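Read the structure below first, then the notes.
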Amino acid sequence: MDLLTDLLSRGGWVMYPILACSLTGLGLVVERLWALRRSRVIPGSFLVSVSGLLDRRRYDEVAFLSQEAESSAARLVGLALKLAGRRRALFKDNMEEAGRREAAGLNAHLGALYLVASISPLLGLLGTVSGMISAFNSISTQGIGNPGLLAGGISEALLTTAAGLCVAIPALVAHRAILSRAESLTRDLEDLSADLLEALAAPEQGSPPPQPARPLAAGGSARAD
């Protein structure tokens, strides 16, 4: 704590918004990692149960499971049951719209995390400029006979630059990793929607009755966290 207080006092006022960015970024990363757990978005046990029930056409039990579960997969299954027997085009359009809503939820707050990663080095640069201005003002008013004043301005400049980069680099890496995880989960939801389309949509004229193309847990959806 003493070290942090010392850094804040030596780095100048710019260190405070950099610290705020650091805390905000940490909070966003923790929230997204919790929200994007596979067991929360696409529970493998739920898909295994639903797949078996759909094969036996026990739709009431599927509806009950979908209402009880709090996950993106459960919401898609619940919607698919409501659309069961509808034309494939209508079924597909509604599932795609629901999928876009779920994908938007998976990507929530990533823009704010990217903003933290972008603005932190700029704040550090602002501190650098402020520190250098302070250093040159000291030289212009007192000459170069007092190296302590000059060193104080340069120290402020270096500290804010380092602090801004220390916040920005981890935030940018975390943003990329979380975005990749969200994209992976989105692809799995798209696979689930395709399976539900084959299982529940009305067949085209002349086509056999719809059957699940594969178990709903396939395609990586049942992977553990």
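The values are calculated or read from the model by the stated rules, or taken from the named source; none is laboratory data. Every value quoted in this text rests on a predicted model; they were computed, and no experiment measured them. Reconstructed Cβ throughout: ideal geometry from the backbone, glycine too, with neighbour counts over all protein chains shown.
Filter the range 66-90 down to the residues that are under 21 Å from the mean Cα position of the chain (by Cα) and under 18 Å from Asp55 (Cα atoms), then identify the one that is surrounded by the fewest Cβ atoms within 10 Å (Cβ to Cβ).
By that ranking, first place goes to Ala74.
Would you check which residues across the range 1-57 are farther than 30 Å from Tyr114 by Cβ and of a type in the set (Phe, Trp, Tyr) and list them?
Phe46
Which pairs turn up if I take residues in the range 65-83 that are free of Cβ contacts under 8 Å to residues at least 12 places away in the same chain and look for partners that are in a helix (DSSP H, G or I) and surrounded by fewer than 21 Cβ atoms within 10 Å (Cβ to Cβ) with beta carbon separation below 7 Å, at least 6 apart in sequence or on another chain?
Close Cβ pairs satisfying both conditions: Gln67/Gly78.
Is the range 52-64 home to any residue that is in a loop (DSSP other than H, G, I, E, B), among the aromatic types (Phe, Trp, Tyr) and over 29 Å from the mean Cα position of the chain (by Cα)? Write out each step before concluding.
Filtering the range 52-64 for residues in a loop (DSSP other than H, G, I, E, B) gives 56-58.
Within this subset, residues satisfying the condition of being among the aromatic types (Phe, Trp, Tyr) are none.
Checked the range 52-64: no residue is in a loop (DSSP other than H, G, I, E, B), among the aromatic types (Phe, Trp, Tyr) and over 29 Å from the mean Cα position of the chain (by Cα).
Just to check your reading of the model, which residue among Ser138, Ser221, Ser193, Ser120 is small (Gly, Ala, Ser), at pLDDT below 90, assigned to a helix (DSSP H, G or I) and buried (at least 16 other Cβ atoms within 10 Å of the Cβ)?
Step by step, each of Ser138, Ser221, Ser193, Ser120 is checked, and only Ser138 is small (Gly, Ala, Ser), at pLDDT below 90, assigned to a helix (DSSP H, G or I) and buried (at least 16 other Cβ atoms within 10 Å of the Cβ).
Which condition from (1) crowded, with 21+ Cβ neighbours inside 10 Å; (2) among the β-branched types (Val, Ile, Thr); (3) at pLDDT below 90 is the one that Val129 breaks?
Unmet for Val129, out of (1) crowded, with 21+ Cβ neighbours inside 10 Å; (2) among the β-branched types (Val, Ile, Thr); (3) at pLDDT below 90: (1).
Considering only the range 95-108, I want to know if a residue exists there that is in contact (Cβ under 8 Å) with a residue 60 or more places away in the chain and not in a helix (DSSP H, G or I).
Yes.
Using the structure shown, decide if Ala168 is modelled with pLDDT of 90 or more, assigned to a helix (DSSP H, G or I) and surrounded by 17 or more Cβ atoms within 10 Å (Cβ to Cβ).
Considered against the rule, which asks whether it is modelled with pLDDT of 90 or more, assigned to a helix (DSSP H, G or I) and surrounded by 17 or more Cβ atoms within 10 Å (Cβ to Cβ), Ala168 comes out as yes.
What pairs come up if the first residue lies in the range 144-166 and is within 10 Å of Met132 (Cα to Cα), the second is at pLDDT below 65 and not in a helix (DSSP H, G or I), and their beta carbons are under 8 Å apart, counting only those six or more places apart or on different chains?
Leu150/Ile144
Every residue in the range 68-100 that is modelled with pLDDT of 90 or more and within 19 Å of Ser39 (Cα to Cα), please.
If the condition is that a residue be modelled with pLDDT of 90 or more and within 19 Å of Ser39 (Cα to Cα), then Ser71, Ser72, Ala73, Ala74, Arg75, Leu76, Val77, Gly78, Gly99 are the ones that fit.
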